[in-house]
Amino acid sequence: MLLEALDGDETVVFTVAAASVQVQVEPVGRWFEAYVKRRNRNVSASFQELEEEEESSEESEDEEFQLEECSMLRTLDPKDWKNQDHYAVLGLPHMRYKATQKQIKAAHKAIVLKHHPDKRKAAGEQIIEGDNDYFTCITKAMEILSDPVKRRAFDSVDPTFDNAVPSKSEGKENFFEVFAPVFERNARWSSKKHVPKLGTMESSFEEVDNFYSFWYNFDSWREFSYLDEEEKEKAECRDERRWIEKQNRASRAQRKKEEMNRIRTLVDTAYSCDPRIKKFKEEEKARKESEKKAKAEAKKREQEEKERARQAELEAARLAKEKEEEEAKQVAQQAKKEKEIQKKAIKKERQKLRTTCKNWNYFADNEADSVKMMEEVEKLCDRLELTSLQSLNEILASGSKEDCKAAVETQVQEVNTQLQREREAEVQARQAARSAEQASGGGGGGGGKGWNEEDLQLLIKAVNLFPAGTNARWEVIANYMNLHSTSSMKRTAKDVINKAKNLQRLDPVQKDEINKKAFEKFKKEHSSVPPTIDNAVPSERFDASATDGNAAPWTTEEQKLLEQALKTYPVSTPERWEKIAAAVPGRSKKDCMKRYKELVEMVKAKKAAQEQVAAKI
């Protein structure tokens with residue numbers, strides 16, 4: 001280090017300083033001792049600190065210390081030296097394991113100067129020859145305490161050490177006052193320095209955890225070789241020496257195990273009584289409860305959010321559905337209104353067509369042509385659409401009779417042609433279906449397995465008796481057939497439905513045959529009724545003055561036959577009125593058509609009267 005320049009002087013460098021070089025130096029002597037201590041203690045210590053520590057230790061050792069002479073020294077048995085207190089023999093019972101080697105040597109020197117046999121002999125005291133003198137106990141004490149290994153063995157079984165462990169009842173009342181001295185007393189056995197203290201009630205969790213972690217992993221240097229019952233040096237042979245070593249090792253291991261159990265019991269008892277552990281557990285429990293509560297609240301909020309989102313979605317879906325339903329309802333209402341309007345328009349056009357044709361007497365010169373044309377007009381009303389009816393009514397309103405007749409005949413011809421094509425297509429379809437069923441082995445014809453003609457006629461009758469809309473219609477039809485059928489076959493609703501579908505798929509020829517057989521049977525059953533006219537006067541409904549054909553009034557039996565024939569032979573049946581006339585004995589085709597016309601007019605008149613009454617109300 002350069003000296004500071006005086007006032008007015010200048011510092012001048014005459015040569016360039018050499019660069020610094022790193023040199024590896026190994027410590028020796030005192031410096032090596034300092035290095036070892038720094039490494040073992042894991043702290044940094046300089047040589048000066050070590051010197052100061054050494055000087056202070058020497059000064060403390062040089063200080064005068066008080067020897068406490070053992071009062072029982074002269075009465076000690078030299079042969080029982082192993083059970084004596086070596087520290088008490090040398091006058092160091094108050095210092096014990098804390099005494100330094102220098103202090104032990106000084107104490108030995110002082111005690112020897114006082115109790116040496118030569119000193120006592122010179123003083124006129126009687127001396128026992130050999131090793132039987134109590135001075136042998138002083139020699140043994142010095143031998144044990146001057147050897148570090150033997151001294152550690154003796155310190156491990158220090159007779160003044162208290163191995164007691166406080167009970168739980170003692171610890172719960174005054175924990176720190178009871179356990180702090182016990183841990184401090186047992187800390188002398190630790191192989192590691194800087195043993196953590198028990199602490200106070202204000203100690204942190206880390207300090208308490210570090211304390212119990214240290215003691216639960218306590219490494220004790222305490223060993224019990226001093227208590228070996230046999231000395232291997234006294235063995236006469238090698239085998240005996242090995243046996244003694246084995247016995248001593250087992251005894252030491254047992255005592256070491258008992259010592260570790262004692263330490264573990266001490267730590268467990270302290271841990272169970274420590275109020276700080278209870279406090280930490282309560283804090284941890286409270287923390288966990290708060291976390292659990294916060295987690296539950298978060299989960300609850302999340303569920304509430306999900307529920308609100310779900311309710312919002314449901315509400316949106318409900319509104320959308322209501323909107324769709326409202327739109328569909330409006331569309332349906334609009335369609336219904338349009339349908340009603342169209343229906344009224346069609347009804348109006350049909351009525352207009354019927355009225356026009358009626359005013360023209362159905363474009364016929366005689367009654368027969370008039371009835372036939374009336375039937376064709378009804379067919380036009382059933383088949384033509386609104387636009388066709390409007391066009392036809394416009395022609396009829398503005399044209400002459402011949403033009404109107406030609407227009408009506410043209411429409412009739414077109415409708416008949418269309419009906420003929422439909423019948424042919426239906427016949428072909430039914431024949432194809434029947435052929436397919438026959439090819440696949442099915443019974444799709446008029447009969448079927450277990451179905452005779454009587455059952456078929458009974459089925460047709462039941463279907464007519466119980467029309468669509470009857471509650472449990474097919475079960476009722478099946479029960480009806482089971483009650484009235486002469487066969488022993490029991491029919492179910494499924495059998496009846498399948499057979500009815502098969503009958504619907506039949507062509508018109510087969511239907512006519514079945515219906516004809518049914519009417520023949522019906523006429524046979526009613527053949528017992530006398531053909532004479534009832535004495536009762538028929539009602540005005542069936543009275544009709546006729547200029548042509550049979551002018552006799554229609555009887556109740558004839559009326560029934562006519563109604564049944566009208567149901568059996570619909571409008572699409574070829575040669576319908578010839579078949580209807582054949583079904584009503586004593587009546588011609590002309591009589592039946594005329595009677596039908598009268599019935600139609602009466603029904604229309606009745607409806608018109610009802611409408612007028614309803615309008616007045």
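The values are calculated or read from the model by the stated rules, or taken from the named source; none is laboratory data. None of the values given here were measured: they were computed from a predicted structure. Counting neighbours? That spans all protein chains shown, and the Cβs are built from the backbone with ideal geometry, glycine included. The area values use the complete protein model at the heavy-atom level, side chains included, leaving out ligands, DNA and RNA. Shrake-Rupley method; radii C 1.70, N 1.55, O 1.52, S 1.80 Å.
Worth pointing out:
- Members of the range 552-593 that are in a helix (DSSP H, G or I) and open to solvent by 40 Å² or more (accessible area, probe 1.4 Å): THR556, GLU557, LYS560, GLU563, GLN564, LYS567, GLU578, LYS579, ALA582, LYS589, LYS590
- Pairs linking a residue in the range 385-403 that is touching a residue at least 40 places away in the same chain (Cβ under 8 Å) to a residue that is open to solvent by 80 Å² or more (accessible area, probe 1.4 Å), with Cβ atoms under 7 Å and 6 or more positions apart or on different chains, are LEU386/GLN342; ASN393/LYS352; LYS401/TRP360.
- Test for GLU236: is it open to solvent by 30 Å² or more (accessible area, probe 1.4 Å), free of Cβ contacts under 8 Å to residues at least 24 places away in the same chain, in a helix (DSSP H, G or I) and outside the structural domain of TYR97 (by the TED database): no
- Tally, over the range 457-481, of residues that are aliphatic (A, V, I, L, M) and either touching a Gly at 6+ places or on another chain (Cβ under 7 Å) or assigned to a loop (DSSP other than H, G, I, E, B) (or both): 2
- Considered as a group, the residues in the range 485-496 that are open to solvent by 50 Å² or more (accessible area, probe 1.4 Å) and at pLDDT 80 or above include one that is farthest from TYR569 (Cα to Cα), and that residue is LYS490.
- Of everything in the range 380-414 that is aliphatic (A, V, I, L, M) and over 13 Å from GLU349 (Cα atoms), the residue that is surrounded by the fewest Cβ atoms within 10 Å (Cβ to Cβ) is ALA406.
- Residue count for the range 325-372, restricted to those that are in a helix (DSSP H, G or I), open to solvent by less than 100 Å² (accessible area, probe 1.4 Å) and touching a residue at least 12 places away in the same chain (Cβ under 8 Å): 15
- Residues located in the range 341-370, provided they are out of contact with any Phe, Trp or Tyr (no Cβ under 8 Å at 6 or more places or on another chain), among the hydrophobic types (A, V, I, L, M, F, W, C) and closer than 16 Å to VAL600 by Cβ: LEU353
- Within the range 563-586, not a single residue is at pLDDT below 75 and of a type outside the set (Gly, Ala, Ser).
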